[in-house]
Amino acid sequence: MDKLPLMIDGGRWSTGHVQGIAIDVEKGYAYFSFTTTLVKTDLQGNLIGTAKGLVGHLGCIDFNKEDGKVYGSLEYKNDSIGKGIFKNAGLTGVPVENAFYIAIFDVDKIDRVDMDAEKDGVMTAVYLPEVTEYYEGESFDGKPHRYGCSGIDGTSFGPFFGEPKDSPTMLMVACGNYGDVEREDNDHQMLLCYDWRKFADVAKPLSQGVPHHSGLHPEKTCFFFTGNTTWGVQNLCYDSYTGNWFVCVYVGQKPQYPNYPMYVIDGSAAPVMSELKGLGGEQGLLLKMADAGVLHKESGVRGFTFPMGSTGIHSLGDGRFYFSHDGKIKGLKTTHLCEARLYRYTGEEPMGFTPVED
């Protein structure tokens, strides 16, 4: 742990920008989600292998220490993101249906470049029916997409809110939401809580031409008030050092909110059934914001101005984090790159983090 590199190079790829990172310190591997490709390197940035061939959006990923696998959000949808993925892959049209999954990668099997995620037996998937219902449904006042749901993205393992740090881990999956400034029902972030141990009974290989519906319902659904964001929670990360959950977003556009790029959920506080703002009187389990970051007095929202994390965050559990630094090289086909760089959490306003320099 003390000798971890200050930077891990995730390489250069034309499959879309980096969406998430995950680190297996014990075995010495790093994982990078480049939208339609999972990249595996060692901690020196040497390429080990890739799982390719996805025509959906692979988002935030996390490494599960208990089973040694990488989990990530995977979505197929008929909106601008889905159309862009198809176009980048050289395909025409859009997905045959809207479908949302947790992808599970058996990363020990990824040992060479250009493995096929669908055909080489390295990936299974669990269908999330509620997300499809939210995405295709309506808000209480008839607007498209219940809660403004745009799909899913952030994923992370940790104990349920209010439980001791050594409690069994759950998989938290964040719904994304559209950043429409003309509606109020998209000002909460929504987290679906799953018992990942039950996934074994329903996880199946995914045929992208005929998506399966073998899925699981969440144990609980929780809400966290941030005010507006653009596309919702991009990356979610549980930190055992503080016991809190770090929420990284693309900033929102509503002027009545501070529109921070990072928020922190108090992991020690159990959610409380409350009336949710902007949802026509609907009640839900409301999470508590941690006493960390800059307080925006007008809205009561706290957050950090630290700009990294929306394309990748990984807690090492000792006060240090890896954050994705993404970039691109424009040419005939845009090349995307990522460096995972090491930071230390300070909790000091307004940023909260400082680079580790030696």
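Things to note:
- Partner lysines whose Cα lies under 27 Å from the Cα of Lys297, excluding those fewer than 8 positions away in the same chain, are identified as Lys254, Lys277, Lys288.
- Computed from the C-beta positions of Glu66 and Met273 and an R0 of 30 Å, the FRET efficiency is 0.50 to the nearest 0.05.
- Pairwise label distance in nanometres, Asn78 with Ile329, each label 7 Å out on the Cα-Cβ vector: 3.9 nm
- With the helix formula -39500 (n - 2.57) applied to DSSP H stretches of n ≥ 4, the chain reaches a computed 222 nm mean residue ellipticity of -1500 deg cm²/dmol.
- Of the cross-linked pairs Lys65/Lys109; Lys77/Lys198; Lys77/Lys109, those separated by over 20 Å at the C-alpha level are Lys77/Lys198; Lys77/Lys109.
- The listed peptides 241-247, 217-223, 293-299, ordered by packing as a protection proxy, come out as 241-247, 217-223, 293-299 (highest mean of other Cβ atoms within 10 Å first).
- Dipole of the chain computed with +1 at Lys/Arg Cβ and -1 at Asp/Glu Cβ about the Cα centre; of His188, Asn235, Thr41, farthest Cα towards the positive end is Thr41.
- Additional length obtainable on full extension of the chain from Leu295 to Asp116, 0.36 nm per residue less Cα span: 59.8 nm
- Ranked by the mean number of other Cβ atoms within 10 Å of their residues, highest first, the peptides 301-311, 152-162 come out as 152-162, 301-311.
- Taking N as the residue count of region 204-252, its C-alpha radius of gyration divided by 2.2 N^0.38 Å amounts to 1.63.
Bear in mind that the values in this text are calculations on the coordinates, not laboratory data. All of these numbers come straight from a predicted model, not from anything done at the bench. In this analysis, Cβ positions are derived from the backbone assuming ideal geometry, glycine residues included, and neighbour counts consider all displayed protein chains.
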